[in-house]
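Down below is the structure, laid out as structure tokens.
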Amino acid sequence: METANTNKSINRTLAVIDGGLNFKADVQPLPTTPKPKLLDQVRQAIHARHYSDRTEKAYVHWIKRFIFFHNKRHPAEMGETDIGRFLSGLATELHVSASTQNQALNALLFLYREILKKEIGYVNGVIRAKRPHRLPVVLTRQEIRSILGCLEGSDWVMAMLLYGAGLRLMECLRVTGEGY
């Protein structure tokens, strides 16, 4: 009897080693993780490059707008002409500023270059938004003194950082710990 039991265990061992001759193992296939959705891929790539949260929010917004502008077509199916139509529509129909149009362009270039791995050439025929001809407003030293003289405490510190160090508002808020 021992020989019969020994043969069975050897056969089982061989069956497992050989890929399951006549032995059915209850082995579940390893679950494969599905490929993340397009906007999740964009978010992951932005986080990997340590871009700001506001950049992430803006890029995802412009990519969504681009997809909806083209009736929910996948960006992999589109190219330079579709990008050009979208950007021109922003300028002509929505009258966005030049910086807004550039932000939308940069979001789409990020999508195509970094996520879809598709090189986008020069986008022809884009109607560019007009840049306003504005001169910057410069305060006199006396005006600066009077403004800073009205402030005290953390407001004064923040104003001095903004003015003296040339910080942007969000940079100043992070430095002072005020948050946003």
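Each value in this text was obtained by applying a stated rule to the coordinates, not by laboratory testing. Treat the numbers as computed from the prediction; the structure is a model and nothing was measured. Don't worry about glycine lacking a Cβ; one is built from the backbone with ideal geometry, like all the others, and counts go over all protein chains shown.
Starting at the first residue of region 77-87, write each ³J(HN,Hα) from the Karplus equation 6.51 cos²θ - 1.76 cosθ + 1.60 with θ = phi - 60°, in whole Hz, x for Gly and Pro.
Couplings: 7, 10, x, 4, 5, 5, 5, x, 4, 5, 5 Hz.
What ³J(HN,Hα) values, in whole Hz, does the Karplus curve 6.51 cos²θ - 1.76 cosθ + 1.60 give for region 59-76 when θ = phi - 60°, with x put for Gly and Pro?
Coupling constants for region 59-76: 5, 4, 4, 5, 5, 4, 4, 4, 5, 5, 4, 9, 6, 6, 6, 6, x, 5 Hz.
On the Cα set of region 77-147, report Rg and Dmax in Å, please.
My reading of the Cα-based Rg and Dmax gives 18.0, 59 Å.
Loop only per DSSP, at most 12 neighbouring Cβ atoms within 10 Å: give me the GluC sites (Glu not before Pro) in region 58-137, ordered by residue number.
Numbers: sites: E77, E80, E93, E114, E119; in loops: E93, E119.
Taking region 58-137 and a limit of 12 other Cβ atoms within 10 Å, the loop GluC sites (Glu not before Pro) found are E93, E119.
Roughly how compact is region 61-180, stated as its Cα Rg over 2.2 N^0.38 Å to two decimals?
Against the empirical 2.2 N^0.38 Å value, I get 1.53 for region 61-180.
Rounded if a/c is under 1.5, else prolate if a/b is larger than b/c, else oblate: which is region 38-115, with a ≥ b ≥ c the root eigenvalues of its Cα gyration tensor? Don't jump to the answer; show the numbers that get you there.
Working: a/c = 2.09, a/b = 1.33, b/c = 1.56.
It comes out oblate by the Cα gyration axes.
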